[in-house]
DNA sequence: TTAATATCCGACTGCATTAGTCTTGCTTCC
DNA sequence: GGAAGCAAGACTAATGCAGTCGGATATTAA
């Protein structure tokens with residue numbers, strides 16, 4: 001249930017890598033792909049998508065590559081996922097047009113929309129900077145990422 | 001992103017229907033399917049799954065059908081979704097065995113597992129009874145469903 | 001100017017999952 | 001016994017995802 005696509009996974013991993021290597025200048029798609037054993041051509045397309053979404057800046061040519069467009073703590077996981085997987089929703093009901101294809105008989109829509117929004121907020125509270133240092137509990141992240149409270 | 005399957009949607013809708021009609025005894029799969037314009041045979045299989053999971057009780061024969069195994073407020077959305085869609089996870093990384101197929105190079109896993117757990121808690125706080133009366137904000141649900149607080 | 005490096009972009013294929021159908025058998029009630 | 005209903009598995013069609021291929025364009029270094 002609720003699976004994220006592999007592309008989104010790859011995208012988050014790449015952003016984390018770029019955040020860590022921010023001092024070393026731009027990194028090529030190939031470098032990132034090799035670091036994580038991701039198919040290079042696939043990652044290239046993902047990075048292109050992220051660049052088009054304004055999360056990365058790209059620079060062609062020799063010694064070119066990708067770099068974060070903003071500081072790592074200003075890029076949320078939600079933005080990354082939405083850029084890659086598109087603005088899909090938790091229910092099959094709720095389409096992009098906001099219409100329910102079940103002839104209005106679907107009364108499930110409204111409660112689940114709130115769940116949807118809650119997850120959205122949850123992901124918005126997580127930033128690329130929080131992904132670094134995976135092993136420990138990172139008290140900084142607890143402060144920055146914050147406490148997400150959700151009322152139904 | 002994060003789409004629920006149509007089957008899970010159908011399942012939740014069916015449970016809501018059964019909760020509303022709890023006084024009228026068992027309802028046949030066909031009745032529920034007609035009420036929501038769902039393919040009858042598909043819904044039948046979904047209801048069978050829910051019955052096997054212990055969320056519904058089935059009664060064969062004439063005037064048979066399905067009924068809730070427990071009160072509506074004791075059945076959480078999480079149980080329904082897990083019964084239908086299986087124990088899948090937000091990341092493609094985390095498999096049922098808890099292993100990451102990316103050679104341990106995936107450092108994204110741990111932070112996303114927390115998100116996964118948070119969503120799980122969020123869905124566990126929603127019950128079938130909360131799905132009834134969709135239009136209003138249902139203060140009862142806010143009390144019962146509660147406030148979910150998540151620290152990263 | 002040329003060659004190397006790298007992004008950019010669309011089309012294509014194979015695969016897995018999902019949605020839905022069909023058929024057959026079993027159970028209960030009248 | 002027959003009708004109504006559940007139970008269950010095999011099957012097909014459609015969709016979306018993962019990954020590949022080929023080529024075009026931009027930038028830099030020599």
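Computed quantities for the displayed model
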read-out	value
Label-point separation in nm, residue A:45 to residue A:121, each point 7 Å along Cα→Cβ	3.6 nm
Exercise: per-residue mean of other protein chain Cβ atoms within 10 Å, A:79-90	2
Copy-to-copy label separations for residue A:124, where each label sits 7 Å from Cα toward Cβ, in nm and ascending	2.6
Protection-proxy order for peptides A:46-58, B:53-65, each taking the mean of Cβ atoms within 10 Å per residue, highest first	A:46-58, B:53-65
Ordering of A:14-21, A:84-91 by packing [mean C-beta count within 10 Å, highest first]	A:14-21, A:84-91
Among B:67-73, B:32-38, A:125-131, the order from most to least packed when residues are scored by Cβ within 10 Å on average	A:125-131, B:32-38, B:67-73
Shielding of A:27-35 by partner chains, average beta-carbon count, 10 Å	0
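Values in this text are rule-based calculations from the coordinates and carry no lab data. On a predicted model such as this, the values are computed, not experimentally measured, just so you know. Positions of Cβ are backbone-derived with ideal geometry, glycine not excepted, and every protein chain shown enters the neighbour counts.
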